[in-house]
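Presented below is the structure to which this report refers.
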Ligand SMILES: Cc1ncc(COP(=O)(O)O)c(C=O)c1O
């Protein structure tokens, strides 16, 4: 099979592509996804009047390929590395999933450039694979709204038929092309984010907080207060304190696997210092 333009579609952010995939290919029993993962999958499924089929993680956050296949979903959304944990799934598991399922496996690689293996190498062999990427994270162009998908030509052709006629403006196209061609800048930024992430992680380890190994541009960490306690009240207290100090992190209160954690995006070294200083003062005042 020859690969080229027929295997790519570009959209108004990868959210647009995820919506197109849902509209084209999801049907009974609904869109498959892991819990927790990216919160947009339930939204796009809901917009299309489709249900959801959950594959629940346990605290290890490891992928259960058999459970994924057992959903019999026509489309399964797999975020790799996962959000909000940052945990990456090995390429062998992705390949095992592709073999085990009948439907499409959509690997959402929004954060892949920060340390995970891409499934792109599997595209030529597996016609049920769709890889979705974005310029919003590792290319720092979130406001430009550029995402794309790579897949076998019949899948791309179907998505192309339902997209808005002008789903990507020219300024965004120019910015994305320039970002894509500036390999040196991309590489430097990516390395910087990963180095800052690991330096921040070392600080969290020093507090003896449990943090998932992250292949993304954020850390999912379980804070302990000065008395060494963790749990949803502790995480909520830190979240509120940080907010009062104008340091914004994410807190996912509604799920037992996430409610004792906060998700911290990796910013500049200076921003991470502000975050860690605020954590210190929370520890000292709690
Ligand atoms: C896992 C995941 N996929 C896709 C997106 C959407 O990115 P975009 O800005 O390209 O719509 C996000 C954004 O937060 C995300 O976390």
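Principal-axis analysis of the Cα atoms of the chain puts helix 170-181 at an angle of about 70° to the longest axis.
Using just its DSSP H runs of length 4 or more, each adding -39500 (n - 2.57), the chain gives a mean residue ellipticity at 222 nm of -12500 deg cm²/dmol after division by all residues. Working from Cα pairs under 8 Å separated by at least six residues, relative contact order for the stretch 119-191 is 28 percent. Computed from Cα atoms, the angle from the helix 183-206 axis to the main principal axis of the chain rounds to 40 degrees.
For the stretch 169-286, the average shadow cast by the Cα convex hull is 8.9 nm², which is a quarter of the hull's surface.
Based on C-alpha pairs under 8 angstrom that are at least 6 apart in sequence, the chain has a relative contact order of 17 percent. Our note on the geometry: Cα centres of the stretch 189-233 and the stretch 123-166, 31 Å apart. The C-alpha atoms of the chain define a longest principal axis, and helix 269-285 lies at about 50 degrees to it. Its alpha carbons considered, the chain gives a radius of gyration followed by a Dmax of 19.5, 63 Å.
If every alpha-carbon in the stretch 126-204 counts as one equal scatterer, what log10 I(q)/I(0) does Debye give at q = 0.11, 0.19, 0.22, 0.24 1/Å? The Cα Debye sum returns log10 ratios of -0.43, -0.94, -1.06, -1.13. Under conditions of 25 °C and 0.890 mPa s, the stretch 163-221 yields 173 µm² s⁻¹ as its translational diffusion coefficient, taking Rh as the Kirkwood radius over Cα pairs in the Stokes-Einstein equation.
Bear in mind these aren't lab numbers, they're just calculated from the coordinates by the rules spelled out. Remember, predicted model here, so these are calculated numbers, not experimental data.
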